[in-house]
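Student: Okay, handing you the structure first.
The values are calculated or read from the model by the stated rules, or taken from the named source; none is laboratory data. Since the structure is predicted, the reported quantities are computational estimates derived from the model, not experimental observations. Because the Cβ atoms are built from the backbone with ideal geometry, glycine has one as well, and the counts that use them run over all protein chains shown.
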Amino acid sequence: MNGTMAATGAATVAPDIVFAHPVVQLPSPEPGLVVAGVMAYYGRDDDPVRGKDVGERYRQSMARALTELVNSGSKVVLVGGDRVDTEVARQIERAVARACGGVSSDAVTVREISTFDELSQVMSRAEVVIASRYHNLICALKLARPAVSIGYAEKNAELMSELGLADYCQAIEELDPDMLVTQVQQARAHAGELSEQIEAQTEDYGVRVRHILCDVARQFDLAHRPQRSVPMSAA
């Protein structure tokens, strides 16, 4: 699964703890809105120098796919999951705006995000989410929004597979922009059924996480509860 919690010395594999976070009433998705979570990615070693070419390929591939989506009528909002992602989002925004030419100024924009609640507010309006960072993906799924994962780790693909969404995954270093456009279009075409499928599974994740947290709290309480001394019987 997607995270580990230790309890009484044994490791319990569990869904991500974020799935236990309550969801407020969600607005209806905005038709045509794609929220793209991007990241400053420089390869598995996260080295901006040695991974410069890797990062450039990723940005170019994202820009190419988003350009095609904007030209076909989509509105794109770019977000990150970390402060270092903002400049990458800006670079992609500029590349898409140049390639699209005469589109309106709000066809592709960047929203700077600092909290999970802010990210949730932006993604809650999305018709489809593209997510690179793991917790951007978690946020989209928690909101039951159809998502395409551009993952940098096996946990991204594993989570999507568990939800029956394996057709909506790509590896970040092998990102195919044409395939990404097709995946977004397919997710949009099947948005209703995908949302129902995601919501049913993530509700189960939330129940499981809450049970684990309650069990951990109970065992912690027992471990730290003062022991009563038992008097010895008189001889």
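Student: Write out, first by first residue and then by second, each pair whose Cβ atoms fall under 8 Å of each other, whose residues are 6+ apart or on separate chains, and whose first residue, in segment 190-202, is at pLDDT 85 or above and β-branched (Val, Ile, Thr) while the second is in a helix (DSSP H, G or I) and surrounded by 11 or more Cβ atoms within 10 Å (Cβ to Cβ).
Tutor: Taking only residues 6 or more apart or on different chains, the pairs are Ile198/Leu141.
Student: Would you pick out the residues in segment 176-201 that are more than 16 Å from Leu69 (Cα to Cα) and not in a helix (DSSP H, G or I)?
Tutor: Selection gives His190 alone.
Student: Among the residues of segment 36-53, is there at least one that is at pLDDT 95 or above, of a type in the set (Val, Ile, Thr), surrounded by 19 or more Cβ atoms within 10 Å (Cβ to Cβ) and not in a loop (DSSP other than H, G, I, E, B)?
Tutor: No, that holds for no residue.
Student: Output the number of the condition that Ile17 fails; it satisfies all remaining conditions of (1) modelled with pLDDT under 90; (2) aliphatic (A, V, I, L, M); (3) more than 25 Å from Arg188 (Cα to Cα); (4) loosely packed, with under 15 Cβ neighbours inside 10 Å.
Tutor: Status for Ile17: all satisfied but (4).
Student: Answer yes or no: is there a residue in segment 146-155 that is small (Gly, Ala, Ser), within 18 Å of Ser120 (Cα to Cα) and crowded, with 21+ Cβ neighbours inside 10 Å.
Tutor: yes
Student: OK, next. Counting just the residues of segment 118-157 that are more than 13 Å from the chain's Cα centre (by Cα) and of a type in the set (D, E, K, R), which one comes out nearest to Ala63 (Cα to Cα)?
Tutor: Within segment 118-157, the match that is nearest to Ala63 (Cα to Cα) is Glu127.
Student: Okay, next question. Taking segment 36-54 as the region of interest, how many residues are under 17 Å from Pro177 (Cα atoms) and over 19 Å from the mean Cα position of the chain (by Cα)?
Tutor: Result for segment 36-54: 2.
Student: Ok, one more. Kindly indicate the residue of segment 60-88 that is within 18 Å of the chain's Cα centre (by Cα) and of a type outside the set (A, V, I, L, M) and also surrounded by the fewest Cβ atoms within 10 Å (Cβ to Cβ) among those meeting that condition.
Tutor: Among those that are within 18 Å of the chain's Cα centre (by Cα) and of a type outside the set (A, V, I, L, M), it is Arg83.
Student: Taking Val230, is it more than 19 Å from the chain's Cα centre (by Cα) and either surrounded by 14 or more Cβ atoms within 10 Å (Cβ to Cβ) or at pLDDT 95 or above (or both)? Reasoning before the result, please.
Tutor: Working: more than 19 Å from the chain's Cα centre (by Cα): yes; either surrounded by 14 or more Cβ atoms within 10 Å (Cβ to Cβ) or at pLDDT 95 or above (or both): no.
Against the criterion (more than 19 Å from the chain's Cα centre (by Cα) and either surrounded by 14 or more Cβ atoms within 10 Å (Cβ to Cβ) or at pLDDT 95 or above (or both)), Val230 does not qualify.
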